[in-house]
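Some notes on the structure that comes next.
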Amino acid sequence: MNTKYSFWILVFTYLWKNIGYDVILWLAGLSAIPESIYEAARVDGAGERECLFYITLPNLLPSFFTITVLSLLNSFKVFREAYLIGGSYPEEHMYLLQHVFQNWFRDLSLDKLSAAAVLVFFIIFVLILLLKNRLQKEDNI
């Protein structure tokens, strides 16, 4: 595991672990779109492409937001997998924050851990707000 491909192995394990969950969420979003909307569009002369771009994709935006937020949150929880793949001192291509947190937990640096937790919370919160604002702007257009 001490090669330049170790990071991509970590990415592959993340995708393997989360792709099934995301597919279920996409299917739930698709099944929530009423068939009557498609029937009305076909009566008005809409083809498959128009149904996709004007009905399906806009109605999947709430599901897209939910899936993106959950995937973002899950991407911050790869410390366990990085530890299992690389150990306490992983190879530099997948270094991430693993080494920092490993040392802080070992030394019980609660002040650093608390500050890091608050910082990660704010980073995730800002990313979620930016995504939400962007999706709302696209929805209003």
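The listed residues are Lys77, Lys132, Lys137, and the only one of them that is out of contact with any Ser or Thr (no Cβ under 8 Å at 6 or more places or on another chain), modelled with pLDDT under 85, surrounded by fewer than 12 Cβ atoms within 10 Å (Cβ to Cβ) and within 24 Å of Tyr14 (Cβ to Cβ) turns out to be Lys77. Scanning region 10-57 for residues that are in contact with a helix residue (DSSP H, G or I) (Cβ under 6 Å, 6 or more places away or on another chain) and of a type in the set (A, V, I, L, M) yields Leu10, Leu25, Ile33, Ile37, Ala41, Ile55. Taken over region 102-129, the criterion of being closer than 20 Å to Ala82 by Cα and acidic (Asp, Glu) is satisfied by Asp107 alone.
Inclusion of Leu52 among residues that are hydrophobic (A, V, I, L, M, F, W, C) and either touching a Ser or Thr at 6+ places or on another chain (Cβ under 8 Å) or surrounded by 12 or more Cβ atoms within 10 Å (Cβ to Cβ) (or both) is not warranted. Of the residues making up region 19-28, at least one is farther than 28 Å from Phe122 by Cα, assigned to a helix (DSSP H, G or I), out of contact with any Pro (no Cβ under 6 Å at 6 or more places or on another chain) and touching a residue at least 24 places away in the same chain (Cβ under 8 Å).
Taking the criterion of being of a type in the set (D, E, K, R), modelled with pLDDT under 75 and either on the phi > 0 side of the Ramachandran plot or out of contact with any helix residue (DSSP H, G or I) (no Cβ under 8 Å at 6 or more places or on another chain) (or both), the only residue of region 81-129 that qualifies is Glu92.
Within region 1-60, can you find the residues that are of a type in the set (S, T, N, Q) and more than 23 Å from the chain's Cα centre (by Cα)?
Asn2, Thr3, Ser36
The values are calculated or read from the model by the stated rules, or taken from the named source; none is laboratory data. Small disclaimer: the values here were computed from a predicted structure and weren't measured. Here the Cβ is made from the backbone with ideal geometry for all residues, glycine too, and neighbour counts use every protein chain on show.
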